[in-house]
1. Taking the stated definitions as given, is Lys58 crowded, with 16+ Cβ neighbours inside 10 Å and basic (Lys, Arg)?
2. Pull up the stretch 570-589, narrow it to residues that are crowded, with 19+ Cβ neighbours inside 10 Å and within 36 Å of the chain's Cα centre (by Cα), then point me to the one that is modelled with the highest pLDDT.
3. Counting only residues that are at pLDDT 90 or above and of a type in the set (A, V, I, L, M), which one in the stretch 170-187 is farthest from the chain's Cα centre (by Cα)?
4. Could you tell me which residue of the stretch 188-221 is surrounded by the fewest Cβ atoms within 10 Å (Cβ to Cβ), considering only residues that are outside any loop (DSSP other than H, G, I, E, B) and under 40 Å from the mean Cα position of the chain (by Cα)?
5. Anything in the stretch 679-693 that is touching a residue at least 24 places away in the same chain (Cβ under 8 Å) and of a type in the set (Val, Ile, Thr)? List them, or say none.
6. Please determine, by comparing only the residues of the stretch 491-512 that are in a helix (DSSP H, G or I) and surrounded by fewer than 18 Cβ atoms within 10 Å (Cβ to Cβ), which one is farthest from the chain's Cα centre (by Cα).
7. Condition first: of a type in the set (A, V, I, L, M, F, W, C), under 21 Å from Ala667 (Cβ atoms) and part of a helix (DSSP H, G or I). Now tell me which residues in the stretch 597-633 satisfy that.
8. How many residues, within the stretch 656-675, are closer than 20 Å to Pro578 by Cβ and in contact (Cβ under 8 Å) with a residue 60 or more places away in the chain?
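The values are calculated or read from the model by the stated rules, or taken from the named source; none is laboratory data. Every value quoted in this text rests on a predicted model; they were computed, and no experiment measured them. A quick note on method: Cβ atoms are made from the backbone with ideal geometry, for glycine too, and the neighbour counts reach across all protein chains shown.
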Amino acid sequence: MLSRHLWVWPLLGALVLGGVGLWVRDRVESSTRAELASRLHTLLNADVAALRLWFSEKEEDAKSLASDVRVQSAIAELAALARDSNAAPGLLQNATAATTLQGYFKSAMEAERYLDFVVVTPDRRIIASPHRWQVGRPSPPSYELFLRRALAGQLAVSRPFAREATLSQRAEGPTMFVAAPVKSADGKVLAVLGLRMRPEEEFSRIFSVARMGQTGESYAFDRRGVMLTASRFDSELKALGLIPNSPEATSILNLRLVDPGRDLGSGEHPSKPVRLPAGLGTNAPPLAAEKGPGRERPEPPLTHMAAAATRGRDGVDVEGYRNYRGMRVIGAWVWLTDFGMGVATEVSADEAFEMLYVLRQAFLVLFALLVLSGVAIFAFTLLVERLQAKLRKSAVAARQLGQYVLMHEIGRGANGMVYRARHALLRRPVAVKLLSPEMTDEANTARFEHEVQMTSQLTHPNTVAIYDYGRTPEGLFYYAMEYLSGIDLDRLVRQFGPQPEGRIIHILRQICGSLAEAHRIGLIHRDIKPANIVLTRRGGLYDVVKVLDFGLVKAVNGVGGEAKSAKAIVGTPHFMSPEAIEKPESVDGRSDLYSLGAVGYWLLTGKTLFESDQVAALLVRQVKEMPPPPSERLGRSCSADLEAVLLQCLAKNPDERPPTAELLDEALARCASEGAWTLPEAEQWWRTSAVAAEPATVATVLEKTLVIEPRE
């Protein structure tokens, strides 16, 4: 097949390459994802390590200042003054201790780039600050982010938050504190010293150092998914309307990590920007759905990463998900319980898998080229086959096949035809059987060649003789066999009715001779039926039998070849044995004897074993029912010995039939009617029946033979 259908090669190559490509892609993709997961974990760990180091440095700064004797003395003085319930804010603002603290902290804060400081007592009252309006006032609720831990005697660094407005002062931008407890000599916490910082500076820069590629970024966020660091894409976020479009605005506290449901960078902007109200701090209540007539819009969900992290589930995702810009990214994240924030690192999936995409495209291009090559060769093959079909038709029309001159058509079947012909040199009449030009394909050619090969092995005088086999330059397959003038047994009974018992025995014994030779060399016919048996004249003899159509022959024990699977159900339903239907792979010569018994039944009664036009029902009856005796079908008596022999052949169990064709021949020879059909009677019949000169039309390519291939 591969040598004749060249278009199969590129398609097979495409399939092989496709399989290899899928395997390589799977391995490369798995390795790439594992390597990316490792890199993301490394970057995330670097960010977390840098964050912890920075927090430790800031805590040491606060601890150093809070443990200074001068600071402790001044704060103790202010705390004692604040405990006087009648002390006015002005007394604290103008106290010598307050002036001492401001002078001492000024140089320290400038060196470490702190904005200012605040001192808060355990009763949440501010007793010292560079901002006079704050002194004596209660501490804002947001200060609880660091106060509670510091009052418990620990160092604390708050996450960024929005500083609330106090009295007439306006709300400020994002801020954060590092705090340390100020203790008395006996270890009691007198107050908390808090140093204020800008998160846009050192805190955000920590996350801008370790990131991947051109689209990678690392950032921190709080429990509500609010961004705590500036994004490297702030300018893009301003253009999208996701954060305020002002020079000093950043993503810090202005952006919530929600999934927009689309890639905002593709130019398709959301109808309403998903952004936080101005000045929203991390202590604000959760965003509620917009209310109002026709304006109800539920809050969008957090991104896959933020939703997992805020629930305390650390992880890595290299399959891909949408980030807050709607871009498909891969990332890793961790929730830092001691800091009350999450840290994530992400990169665009397109950038991360760029090399993998290139590899995929390369395989797709090669696969497409091979498929196109196969299609092109297939189209060319079809064109060539059409041209060959035209040439084959022309050869048939020219009435010349090699050395044989076609005279006229004498039979036609589904896949071919039979011509009466003569050898150009010998002038001998022959029957030439050839495949139809339209049906010359692999399956039909294989069966055609198989029939020739099987029949050519047989030399019995009651088997049709094969003279020649060939293939024309145009691709027409044919073989020449002996020309048979006469009548097949199917037409014999339909035209002349049931036959005499002596003639039936004479015919059946000749068929036994043909089958005996085939069975001896390990061949089973599998399609013995009246249409495949011809009565003709040879050398002054009449009623000479010729067995035809060995195209479905089965080789036993590996002898010879066979065109059809041994497990296929093949044969003509009216003449098939039960085992040929139930267990076709187990048939032997006794299956042919069953069919021969059915042929004898047909000759004797003029009827088939079972009368039904439904194939399925007919096959069931062949397996399960015994046919009525011939005498019952005839409505009269017939020779008991012949009837017994036929019914023995029709036994459902092969072991109850005659073991061989030779023994069946002997049983027929013992019948009382043997010899009742004489040569003069046969000659007289042929002279009066007007069939002597008619060609045997059974030599067609296909009869109505059932072929059911087994399913895998």
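1. Against the criterion (crowded, with 16+ Cβ neighbours inside 10 Å and basic (Lys, Arg)), Lys58 qualifies.
2. Looking at the filtered set, the residue picked out is Pro584.
3. Val182
4. Glu217
5. Val691
6. The extreme case among them is Phe496.
7. Start the filter on the stretch 597-633 by keeping residues that are of a type in the set (A, V, I, L, M, F, W, C), which leaves 598-599, 602-604, 609-610, 615-620, 623, 626.
Remaining after also requiring under 21 Å from Ala667 (Cβ atoms): 598-599, 602-604, 609, 626.
Residues satisfying the conditions are Ala598, Val599, Trp602, Leu603, Leu604.
8. The total comes to 6.
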